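What follows is a single structure, written as structure tokens, with notes after it.
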Amino acid sequence: MSYLKTAYPIIAALALALGAVGCRTVSEDTDEVLAKIGAEKITKAQFVEFLNVLVEDKEKANELLTDEKQVGQRNEILDTYINTKAMIMMAVGEGLDKDPKVRFTLENAMANVYYQAMIERRMTDAEPTDAQLMEIYKEIESEQRARGVQLPPFEEAKPHLPQLWKRKQQQQAVESLREELKAKFPATVADEYKALASDL
């Protein structure tokens, strides 16, 4: 499996975060320096942290760092990381971080990244039990029966149910997040804008 294929969405999220806060100055970290971009350093510790986020598995991240067969892939990921940071530094240098259109686009993209991360946090990693799968099965069976459709027996349908269960968990997480947002950050809207805001 190529980890690089998954690198770009993660790097894009990194770019959004760095673009919003600006690039840091030279790191005081005494760790081994893997690369320098202008006045900024990328240390081995930073790259390891990045790989752990990218791969989401410390063992596989360590393989990328130590396995001679994966040196090319590791270096390609580092090169992409460097180019991303360089692009952000250049954009900030040109004042794009202060451009209203760019700032709005970054904020909107960051909100989407945060939204996905918060949904994932609110979802369980546990596999569904047979009882939970049966509950999903009965819900679907009831809906289909009302339409005159006969479902196959539970055991036949069972392999397809975990995906439906996870979809339901995601939907519940979305609803929960919406309620949390309303409770923690109640909004008041001017009367002439209320109809417009309700459509968003």
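The values are calculated or read from the model by the stated rules, or taken from the named source; none is laboratory data. This is a predicted model, so every value here is computed, not measured. Quick reminder, even Gly has a Cβ in these numbers, built from the backbone with ideal geometry, and neighbours come from all protein chains shown.
Here is a check on your reading of the model: is MET110 surrounded by 15 or more Cβ atoms within 10 Å (Cβ to Cβ) and modelled with pLDDT of 90 or more? Against the criterion (surrounded by 15 or more Cβ atoms within 10 Å (Cβ to Cβ) and modelled with pLDDT of 90 or more), MET110 qualifies. In the set (1) of a type in the set (Val, Ile, Thr); (2) surrounded by 12 or more Cβ atoms within 10 Å (Cβ to Cβ); (3) more than 29 Å from LYS44 (Cα to Cα), THR124 fails one condition alone, (2).
Any chance you could count how many residues in segment 84-120 are among the acidic types (Asp, Glu) and more than 17 Å from the chain's Cα centre (by Cα)? Even if it seems obvious, please write down each step before you answer.
Of segment 84-120, the ones among the acidic types (Asp, Glu) are 94, 97, 99, 107, 120.
Remaining after also requiring more than 17 Å from the chain's Cα centre (by Cα): 94, 97, 99.
The total comes to 3.
Each residue in segment 47-66 was checked for being buried (at least 19 other Cβ atoms within 10 Å of the Cβ) and not aliphatic (A, V, I, L, M), and 2 of them qualify.
Contact annotation: residue pairs with Cβ atoms under 7 Å, 6 or more positions apart or on different chains, pairing a residue in segment 38-53 that is in contact (Cβ under 8 Å) with a residue 40 or more places away in the chain and in the same structural domain as THR84 (by TED's automatic domain parsing) with a partner that is of a type in the set (Lys, Arg) and not in a helix (DSSP H, G or I), are GLU40/ARG24.
Filter segment 70-107 down to residues that are among the basic types (Lys, Arg) and surrounded by fewer than 12 Cβ atoms within 10 Å (Cβ to Cβ), then give me how many there are. If you could, list the steps in order and put the result at the bottom.
Within segment 70-107, the first condition is being among the basic types (Lys, Arg), and the residues that meet it are 74, 85, 98, 101, 103.
Among the residues that remain, those that are also surrounded by fewer than 12 Cβ atoms within 10 Å (Cβ to Cβ) are: 98, 101.
So the answer is 2.
Look through segment 99-114, keep the residues that are charged (D, E, K, R) and part of a helix (DSSP H, G or I), and return whichever of them is nearest to ALA173 (Cα to Cα). Before you say what the answer is, go through the steps one by one.
Residues of segment 99-114 charged (D, E, K, R): 99, 101, 103, 107.
With part of a helix (DSSP H, G or I) added as a condition, the list becomes 101, 103, 107.
Values: LYS101: 31, ARG103: 28, GLU107: 22 Å.
Of everything passing the filter in segment 99-114, GLU107 is nearest to ALA173 (Cα to Cα).
Here LYS194 meets the list (1) surrounded by 10 or more Cβ atoms within 10 Å (Cβ to Cβ); (2) outside the structural domain of ASP97 (by TED's automatic domain parsing); (3) at pLDDT 90 or above almost entirely, failing just condition (3). Within segment 123-139, residues that are polar (S, T, N, Q) have Cβ atoms under 8 Å from residues that are part of a helix (DSSP H, G or I) and surrounded by 12 or more Cβ atoms within 10 Å (Cβ to Cβ) in these pairs: THR124/GLN169; GLN132/TRP165, counting only partners at least 6 apart in sequence or on another chain.
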